[in-house]
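Below is one structure; the comments refer to it alone.
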Amino acid sequence: MYRALTAIIFAATVVGLLGGCASTRMVGSEVNSFARWTPAPPAPGSSYRFERLPSQQADISQARLEGLAQAALARVGLQHNPQAASLSVQVSASSQPMLRSRWDGSYYPYGSPNIFIGGGSGGGGSSVGFGFGMGFPLGGMETPIYRREVSIVMRELRSNVAVYETRAVSEEPWLDTDPVLSAMLDAALRGFPVPPAGPRRVSVEIPR
């Protein structure tokens, strides 16, 4: 019990020290995007509406995620206007705690994949707290990182054809999920509406 408590205090101290080192941080994401506009990409100011999958209908965190996505889409020139939409947008996200083994340096999933939406240095709700607190008593694991993924799929409403798809994956130690997801959404939309071909690394600077 004493060893587990000591480890938790040490990890909290490290997080605090990292927070005092600089006023900004970089969120790196592996991004892959695909575009198939017909006949041409949307003009700046084009309107869209959000579409939800059946599994997202009752998910209370989906509205928060769509709020982050709406801000990111506005930064690339799209307008949320469901009544006059020419595009539909489906956005999804997931987060998985990953514990690094001291024995072989590999990362292993901890718990079930889920989405944490929350602010503050300890954001993420009980799922983050559980993954963080339970990792240390295992003895051979270090402080967790969080494997997060966001995806956006756009469809042209008139033809119901998927015209844009993008995905960003990030593995970072940051606990405050909302700012990290926002940065990942910006990374996923980098180069919109005609993104570079192939996978690429995109880093977005955000405040601490």
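The values are calculated or read from the model by the stated rules, or taken from the named source; none is laboratory data. The model shown is predicted, which means the values in this text are computed figures rather than measured ones. FYI the Cβ positions are ideal-geometry reconstructions off the backbone, even for glycines, and counts take in every protein chain you see. Just so you know, the surface numbers come from the protein's heavy atoms only, side chains and all, with ligands and any DNA or RNA stripped out. Shrake-Rupley method; radii C 1.70, N 1.55, O 1.52, S 1.80 Å.
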**Prompt:** Within segment 65-82, can one find any residue that is modelled with pLDDT of 95 or more, aliphatic (A, V, I, L, M) and outside any helix (DSSP H, G or I)?
**Reply:** yes
**Prompt:** Based on what the data block shows, is Q62 in contact with a Lys or Arg (Cβ under 8 Å, 6 or more places away or on another chain), assigned to a strand (DSSP E or B), buried (at least 18 other Cβ atoms within 10 Å of the Cβ) and at pLDDT 85 or above?
**Reply:** no
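Here is a yes/no grid of residues against (1) assigned to a strand (DSSP E or B); (2) open to solvent by less than 10 Å² (accessible area, probe 1.4 Å); (3) modelled with pLDDT of 50 or more; (4) among the acidic types (D, E):
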position: G119; (1), (2), (3), (4): no, no, no, no
position: S126; (1), (2), (3), (4): no, no, no, no
position: G131; (1), (2), (3), (4): no, yes, no, no
position: R148; (1), (2), (3), (4): yes, yes, yes, no
position: I152; (1), (2), (3), (4): yes, yes, yes, no
position: R155; (1), (2), (3), (4): yes, no, yes, no
position: P179; (1), (2), (3), (4): no, no, yes, no
position: S182; (1), (2), (3), (4): no, no, yes, no
position: D186; (1), (2), (3), (4): no, no, yes, yes
**Prompt:** What single numbered condition from (1) under 14 Å from A93 (Cα atoms); (2) open to solvent by less than 80 Å² (accessible area, probe 1.4 Å); (3) in contact (Cβ under 8 Å) with a residue 40 or more places away in the chain; (4) of a type in the set (D, E, K, R) fails to hold for R25?
**Reply:** (1)
**Request:** Among the residues of segment 154-182, write down those that are within 15 Å of R200 (Cα to Cα) and aliphatic (A, V, I, L, M).
**Result:** A168, V169
**Request:** Could you check how many residues of segment 37-52 are part of a loop (DSSP other than H, G, I, E, B) and surrounded by 11 or more Cβ atoms within 10 Å (Cβ to Cβ)?
**Result:** 6
**Fill in**
Scanning segment 161-177 residue by residue, the ones that are hydrophobic (A, V, I, L, M, F, W, C) and in a helix (DSSP H, G or I) total 0
**Request:** Can you give me the number of residues within segment 188-208 that are part of a strand (DSSP E or B) and open to solvent by 30 Å² or more (accessible area, probe 1.4 Å)?
**Result:** 5
